[in-house]
Amino acid sequence: MAVATLALHGQLLSFSNSKKRPRQKPWLPHKPNVLNSQTRTHFYSISCSSSSTSESPESNVETAEFYVNSGLQLFSKGRVKDALIQFETALGLDPNPLEAQAALYNKACCHAYRGEGKKAADCLQTALREYNLKFGTILNDPDLASFRALPEFKELQEEARLGGEDIGYGFRRDLKLISEVQAPFRGVRRFFYVAFSAAAGISLFFTIPRIFRAIKGGDDAPDLWETAGNAAINIGGIIVLVALFLWDNKKEEEQLAQISRDETLSRLPLRLSTNRVVELVQLRDTVRPVILAGEKEAVSLAIQTAERFRTDLLRRGVLLVPVIWGQGMAPQVEKKGFGVPRKAADALPSIGEDFEKRAQSITTRSKLKAEIRFKAEVVSPAEWERWIRDQQKSEGVTPGEDVYIILRLDGRVRRSGKGMPDWQQILQELPPLEAILSKLER
């Protein structure tokens, strides 16, 4: 008999790094830091085996915890519909907050796998609002890759960015921290806007009675035109300062939206020439990805042209990332389970307790550099297309046009343009990787 239990009260954390152990769906993948941490922490069910495996689940105590574990076992075998029933049953058994969070999150994964974006979004919204689910979990989980390519995810992400109804408060806070680093004097400017506006308002408060006295006239009445001029200066100053304050707020929201898009971009997966799947964030400081998005003929021609400058482009760390419009809509081969294929998932260095150390180690980086060639293949094309179309909208470009996007070594967007790139111009623009300018770009 196989009995699955979960150490909820002790909150036992277990990391699986053994190649012999099959990859299982985590009870709940928890991201302690939305934007800066790539460590993937998992709650795993603990299995105890005995000689008999034919006993029915009814022999176990039917608690929310039991049904969550049972659902995880089912969908790890590809039985998505049965797993969904288990998670729904767990939610009907008065679960504690941790059990409810896990049931809702994994139920959302089931709906995402079945292409039910609205139902998946509803589950995630409830988990975010009522059970303190971290939005970074949704961003980073490969099991939700199909959901992240849907309009429902865009709506959920926008709500999280704005911090509406307690959704994604921590996510917006982290975005604002990055924004403050990139624009350190915004807070100082706002302070002066408020202070000077208050000073102008106080001055205007005392000037208005003087205007009435000047209008009435009299021996001690102030000069009307001088007083009216002072009032006009105060009013004009208040209008200008308020306009600057609102403009700064608008720029901050645009910056937060760009940081959010950059974070989404960093989590997009690529398949290298060695068939290894990595997230774009893992290539930082190593390559300058050049995204070529458009019709197949235009992208293919751009790649053929780039081959003539291959050696010089490689010296500058250029990695071609072709994205063909409509490729994400192509029918996919039906698979069991969730997320990327198991062989690809096992190759993801972002999974594991010691990712930070391994990602920074010289050995890992040298191996990764050896695997990088001239061109990479996108994984989850629909997710890539959605990001590119969002980027086009933010820059005033009609979504669906042929575009290229050049990234910096630190992963941020360097520049973009319509059509396909002029490779000779790029060679003049990008310094070699060993140059001082490239080191400053990291």
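Odds and ends about this structure:
- Candidates are the residues of segment 180-214 that are open to solvent by 90 Å² or more (accessible area, probe 1.4 Å) and charged (D, E, K, R); the one that is nearest to W247 (Cα to Cα) is E180.
- All positions within segment 92-106 that are farther than 14 Å from R129 by Cα and not aliphatic (A, V, I, L, M): G92, D94, P95, N96, E99, N106
- When each of D143, D220 is tested for being open to solvent by 60 Å² or more (accessible area, probe 1.4 Å) and modelled with pLDDT under 85, the lone residue that passes is D220.
- Near pairs, Cβ below 6 angstrom, 6+ apart or cross-chain, from segment 104-115 (under 13 Å from V68 (Cα atoms)) to any residue that is among the polar types (S, T, N, Q): L104/T126
- Subset tally (residues that are over 19 Å from E383 (Cα atoms) and of a type outside the set (F, W, Y)) for segment 237-274: 20
- Residue in segment 296-306 that is in contact (Cβ under 8 Å) with a residue 24 or more places away in the chain and under 25 Å from the mean Cα position of the chain (by Cα) present: no
- Only one entry of I233, I259, I238 meets the criterion of being in a helix (DSSP H, G or I), of a type in the set (A, V, I, L, M, F, W, C) and closer than 23 Å to A145 by Cα, and that entry is I259.
- Residues that are assigned to a helix (DSSP H, G or I), basic (K, R) and within 19 Å of V281 (Cβ to Cβ), drawn from segment 373-423: R386
- All positions within segment 302-329 that are assigned to a helix (DSSP H, G or I) and farther than 18 Å from R408 by Cβ: A302, I303, Q304, T305, A306, E307, R310, T311, D312, Q327, G328, M329
The values are calculated or read from the model by the stated rules, or taken from the named source; none is laboratory data. Because the structure is predicted, anything quoted here is derived from the model rather than measured. When we count neighbours, we look across all protein chains shown, and the Cβ atoms used for this are built from the backbone with ideal geometry, even at glycine. Surface accessibility is based on the protein's heavy atoms, side chains included, excluding ligands, DNA and RNA. Shrake-Rupley method; radii C 1.70, N 1.55, O 1.52, S 1.80 Å.
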